[in-house]
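Taken together, the values in this text are just the output of simple stated rules run on the coordinates, not laboratory data. Treat the numbers as computed from the prediction; the structure is a model and nothing was measured. When we count neighbours, we look across all protein chains shown, and the Cβ atoms used for this are built from the backbone with ideal geometry, even at glycine.
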Amino acid sequence: MTSRAVLCGCGAMAKGWLRAIQSNPEIGAAVTIVGLVDINRDTASALAAEFGLEDVVIGTSLANVLIDTQADMLFDVVIPSARAEVVSTALRLGCHVLSEKPLANSMEEANALLALAATTGRVHAVVQNRRFISGVRRMRRAVAEGLIGELTAIHCDFFIGPHFGGFREAMDNVLLLDMAIHTFDAARFVSGKLPLSVYCVETNPSGSWYAHGAAANAVFRLSGDAVFTYRGSWCAEGRRTSWESSWRLVGSRGMLTWDGEDAFEATVAGDEPGLLHGHRTLVVPEVPAEEETHGHRSVLVDFIRAVRSDRSPETVATDNVRSLAMVFGAIESARTGLPVDLSAQGY
């Protein structure tokens, strides 16, 4: 049976969603876009015309469009401050929901949405598309197979200077809330560990074109006596890192590095005598061919398969809330200047 989906929020991000849907035969066969919703009707109409969506209902009221179309699925692409109302409306009207990140604009909103999804019995998941790229999958596999021994630390650097314009440049905590969550979630996924506490320093450096929080340095204590450090800036001009960050995983036997693009290296101790033993290089295993590694498109495929088979998708909200807790814990630590205990939140 084909799902009837409404897309809410028809700005620039929505185009990526529609390209992913239209480029994948499995998604196209499983989902029909039946409605578009935006606070600006002309924006929704323009999106429909650009993507050849001819018989869709267009409106400014999400509830009305969901009812008129008898939709059973919502794709939520609205700005974070509107997310709780949009997702709540869809869940109450019987829709499964796939949202852009972040899951919610606060932990209180997140907990309310988790409770509502449980009450309504609907699938609620978040687009954490970085989980579905081959580099992240390769790191996770290497850790799981013990390539560098027991994982003791993850270190990530993110330095880029994008000039978005629009809502991001007016946001509070813009790096932590809008971008760092990708790296936080990937670190949790790769390590398989739980975040226990965080200490964070957040700044808005001289020359920043953002209103607040364009740079942050965070140290997370993870389960198993491991550490995750993050150094990032969204106003760093010059030679940039990858959008996926540059990574160094430290294990009990050696280290694995990834530049966030194509360069992987795994090394363990060598046999040289003296103070430093040198190193020898290991092969980093590839991702199995059957694994989905197509970013946004793969999140959609996983979500749709989960809905159709009555299982939880990989990025289900009940798991993703742990990554959101890392973000809001870092924000709270930056605000107070004190470490924040994440383990007490019970996720």
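When DSSP beta bridges are restricted to pairs lying wholly in the chain, around 60% turn out antiparallel. With helices as the sole contributors, the chain gives -10500 deg cm²/dmol at 222 nm; each DSSP H run of n ≥ 4 counts as -39500 (n - 2.57), and the sum is divided by every residue.
What FRET efficiency would be calculated for the residue pair THR203, PHE164, taking the C-beta separation as r and a Förster radius of 22 Å, to the nearest 0.05?
On the way: r = 19 Å, r/R0 = 0.86.
Taking R0 as 22 Å, the efficiency between THR203 and PHE164 is 0.70.
Ranked by how many other Cβ atoms sit within 10 Å of their own Cβ, fewest first, the residues TYR230, TYR210, TYR199 fall in the order TYR199, TYR210, TYR230. So what is the relative contact order of the chain, in percent, for Cα pairs below 8 Å that sit 6 or more residues apart? Rounded, it is 18 percent for the chain. With R₀ set to 30 Å, the beta-carbon distance separating ARG280 from THR318 gives a calculated FRET efficiency near 0.10. Helix 181-191 axis versus longest C-alpha principal axis of the chain: approximately 60°, rounded to the nearest ten.
Using Cα-Cα distances under 8 Å and only pairs 6 or more residues apart, what relative contact order does the stretch 26-134 have, in percent? All intermediate terms of the calculation are to be shown ahead of the outcome.
Details: 141 pairs, mean separation 21.4, N = 109.
After rounding, I find 20 percent.
Ranking GLY207, THR241, VAL78 by how far each Cα lies toward the positive end of the dipole of the chain (charges on Cβ) leaves THR241 at the top.
In what order do LYS101, LYS193 fall by count of nearby beta-carbon atoms within 10 Å, going from fewest to most? Display every interim value, and only then the final one.
Working: LYS101 23, LYS193 20.
Final ranking by Cβ density, sparse to dense: LYS193, LYS101.
Listing ASP38, ASP225 from the residue with the fewest other Cβ atoms within 10 Å to the one with the most, what is the order?
Values: ASP38 23, ASP225 11.
Lowest count first: ASP225, ASP38.
Rounded, prolate or oblate: which fits the stretch 149-194 when a ≥ b ≥ c are the square roots of the eigenvalues of the alpha-carbon gyration tensor, with rounded for a/c under 1.5 and prolate only if a/b beats b/c? The shape class here is prolate. Applying both filters, DSSP loop and at most 13 other Cβ atoms within 10 Å, to the GluC sites (Glu not before Pro) of the stretch 185-245 gives GLU237.
Once the piece of chain linking ARG41 and ALA289 is laid out straight, how much longer is it, given 0.36 nm per residue of separation minus the C-alpha distance between them?
Numbers: separation 248, 0.36 × 248 = 89.28 nm, distance 4.24 nm.
Extra length available between ARG41 and ALA289 comes to 85.0 nm.
Within the shell defined by Cβ-Cβ distances under 14 Å, the residues around LEU36 carry a net charge of -4, with Lys and Arg each +1 and Asp and Glu each -1.
Computed from the Cβ-Cβ distance with R0 of 56 Å, the FRET efficiency linking THR60 to GLU150 stands at 0.55. Descending by average beta-carbon neighbour count within 10 Å, the peptides 123-130, 262-269 line up as 123-130, 262-269, the highest first. Would the stretch 3-122 count as rounded, prolate or oblate if I go by the C-alpha gyration tensor, calling it rounded below 1.5 in a/c and otherwise prolate when a/b exceeds b/c, oblate otherwise? Note, shape of the stretch 3-122 comes out prolate.
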